[in-house]
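Asks: To start, I am sharing the structure in question, which I have written as structure tokens.
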Amino acid sequence: MRYANLETLSHAAAEQIVTAASDAIAERGAFHIALSGGSTPRRLYQLLATDYAARVDWEQVWVWWSDERCVPPDSDESCYRMAKDTLLDFVPVPAAQIMRMEGERDPAIAAQDYETILIRHLGAVPALDLSLLGMGSDGHTASLFPDTSALTERSRWIIENFVPKLSMWRLTMTYRTINHARQVLVMASGAEKVMRYNQAQQPGCTLPIARVQPSPGWLVWMIGEQ
Ligand code: 6PG
């Protein structure tokens, strides 16, 4: 789906999440969502904390992350910090249901522990209700960057991934986790990302985002033209 700009895109994404939460809570008594980092979802998170807050039963929401930078939680780089500052400080998600990736720890240990917790709560084949993803201008998603080892991971659910071009470690959901989600919502805005979106629709595309192919869940693209 295409939208004129980030504002209309963010409202549409908020509606999508409100509906997904309502359905999941009605059917299973909980809504497990994985948030993404970056700048694109900021407005969405602000809207969920304000205009749309009353339409979500936050007590039944579990917040996970699709990825995290290996930085402390109070870092300006932290995906958790961004979500806390725009959403989590304003809605009553129980603290025990905010499943922060521990970017401050050794990446391999933090990834293994997060995978253990994910499986403990969601079972041996964890299926999130909704995995929210962004897309970088290089076609990366979560922290699945081009030419990095996490792209080929087939058995792990959460893995540490060194990103040479950023010279930093990341924690990320693998394709296995993303593609087991009941719904994957990809938000991207701006001309460069529209171009990458079009590229990703081509058969045989090798961009990391092109391998987001949830099954049996479904993939929703929400694209802002500017
Ligand atoms: C992150 C995100 C990442 C992000 C893209 C797009 O940790 O940075 O998870 O995958 O979604 O880099 O970022 P922007 O929204 O800032 O363009």
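Asks: Considering only residues of the stretch 190-226 that are within 27 Å of Ala111 (Cβ to Cβ) and of a type in the set (Ser, Thr, Tyr), which is most open to solvent (accessible area, probe 1.4 Å)?
Replies: That would be Thr206.
Asks: Right, next: When the residues of the stretch 23-36 are narrowed to those that are away from the ligand (no atom under 16 Å from the Cβ) and part of a loop (DSSP other than H, G, I, E, B), which ends up nearest to Asp89 (Cα to Cα)?
Replies: Restricting to residues being away from the ligand (no atom under 16 Å from the Cβ) and part of a loop (DSSP other than H, G, I, E, B), the top hit is Ala30.
Asks: Going through the stretch 37-66 one residue at a time, which ones are open to solvent by less than 10 Å² (accessible area, probe 1.4 Å) and either part of a loop (DSSP other than H, G, I, E, B) or on the phi > 0 side of the Ramachandran plot (or both)?
Replies: Pro41, Ser66 - these are the residues of the stretch 37-66 that are open to solvent by less than 10 Å² (accessible area, probe 1.4 Å) and either part of a loop (DSSP other than H, G, I, E, B) or on the phi > 0 side of the Ramachandran plot (or both).
Asks: Filtering the stretch 168-189 down to residues that are touching a residue at least 40 places away in the same chain (Cβ under 8 Å) and either more than 13 Å from the ligand (Cβ to nearest atom) or not hydrophobic (A, V, I, L, M, F, W, C) (or both), which residue is surrounded by the fewest Cβ atoms within 10 Å (Cβ to Cβ)?
Replies: By that ranking, first place goes to Arg182.
Asks: Testing Leu151 on (1) within 25 Å of Arg196 (Cα to Cα); (2) crowded, with 21+ Cβ neighbours inside 10 Å; (3) in contact (Cβ under 8 Å) with a residue 60 or more places away in the chain; (4) among the hydrophobic types (A, V, I, L, M, F, W, C), one condition comes back false. Which one is that?
Replies: (2)
Asks: Tell me yes or no: at least one residue of the stretch 12-23 is closer than 23 Å to Glu115 by Cβ and open to solvent by less than 50 Å² (accessible area, probe 1.4 Å).
Replies: No, the stretch 12-23 contains no residue that is closer than 23 Å to Glu115 by Cβ and open to solvent by less than 50 Å² (accessible area, probe 1.4 Å).
The values are calculated or read from the model by the stated rules, or taken from the named source; none is laboratory data. Bear in mind that the values here come from a model prediction, so they are computed numbers and not experimental data. Positions of Cβ are backbone-derived with ideal geometry, glycine not excepted, and every protein chain shown enters the neighbour counts. Remember, those area values only see protein heavy atoms, side chains included, never the ligands or the DNA or RNA. Shrake-Rupley method; radii C 1.70, N 1.55, O 1.52, S 1.80 Å.
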